[in-house]
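Reviewing the structure listed below.
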Amino acid sequence: MTSSLAIIGRPNVGKSSLFNKLVKKRSAIVTNLSGVTRDKNIGFARISNSNYLIIDTGGINDTGDKLSNDISEHAWDAAIESEIIYVVVDGSEDLTATDLDILSQVRKLNKKFFVIVNKTDKKTNSSVQEELQKKGYLNKFIISAEHSIGIDEIRKNIKEYITPQDASVNNDNLKIAIVGRPNSGKSTFLNSVAKENRAIVSDLPGTTIDSIETKVNYNDKEMTLIDTAGISRKYNKSGKVEYFSYIKTIDAINRSTLVLVFLDIYKWLGWSKS
């Protein structure tokens, strides 16, 4: 178990919005589309001159396809490894079967957890708060991550329950961006070097859609590897998610000391036609 907070929940309940508010930077892509966060996103919340490790996870669901299963597995791994868990639900809707299943599974972990009722700024007839009360989920926070409502109470809660960590920044830390077109093996390389399943690996192009930072040690020297989304020629004609993925990749390149460009030897050298 690590001294960290895992933020979990079904897709599109506002987990990444909460994560970004806590770490005070736009580390995770946030849209109204379901399933945008896939790999674990890690950052530090700075509270009263101490640093607290926060883990944002992909949405847990039971659609049954391999990618969804991998995303859910990564989210549960983060929950199991963490000191406390935040289960985020959408306060503008009633609780779903997936919400209830996640809450039930978290209860069985015998860990300290809190229910985060998000999006409460929306005027709806949702009975989510009453449902939680009836089912015995009393440790909860009522927030709107988008409008920073309730975030101060969340930060106090983190300070109370999580052991702070050293997040000292070494300006000499080597940053390496891993870039290339979709499905060229970037995430496989990251997992191999990090010696853990840090990023989800799939035969499906576009599995990684956000930039994921991982610290590794090599010959007693710390470096940061940044796994990026695959870039295709048509990124600017695609949807909002693809555009922001491209922007995050360019940002990773600009912040890096070294850039590794991955090519698929079995395909023609050049832009993806996907």
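Annotations for the structure displayed:
- All positions within segment 132-153 that are touching a Leu at 6+ places or on another chain (Cβ under 7 Å) and assigned to a loop (DSSP other than H, G, I, E, B): Tyr137, Ala145
- Scanning segment 36-71 for residues that are surrounded by fewer than 17 Cβ atoms within 10 Å (Cβ to Cβ) and among the small types (Gly, Ala, Ser), we see that the one that is modelled with the lowest pLDDT is Gly64.
- Taken residue by residue, segment 72-79 has at least one member that is under 18 Å from Asn157 (Cα atoms), outside the structural domain of Thr249 (by TED's automatic domain parsing) and modelled with pLDDT of 90 or more.
- Criterion violated by Val216 - all others in (1) under 19 Å from Asn41 (Cβ atoms); (2) at pLDDT 75 or above; (3) not in a strand (DSSP E or B) satisfied: (3)
- Complete set of residues in segment 154-165 that are assigned to a loop (DSSP other than H, G, I, E, B) and not hydroxyl-bearing (Ser, Thr, Tyr): Ile162, Pro164
- Segment 157-197, subset surrounded by fewer than 21 Cβ atoms within 10 Å (Cβ to Cβ) and among the basic types (Lys, Arg), residue modelled with the highest pLDDT: Lys159
- Residue ranges of strands (runs of 3 or more DSSP E) in segment 32-131 with at least 3 members touching a residue at least 60 places away in the same chain (Cβ under 8 Å) and under 19 Å from Glu213 (Cα atoms): 41-47, 50-56
The values are calculated or read from the model by the stated rules, or taken from the named source; none is laboratory data. Keep in mind the model is a prediction, meaning the values are calculated, not measured. Counting neighbours? That spans all protein chains shown, and the Cβs are built from the backbone with ideal geometry, glycine included.
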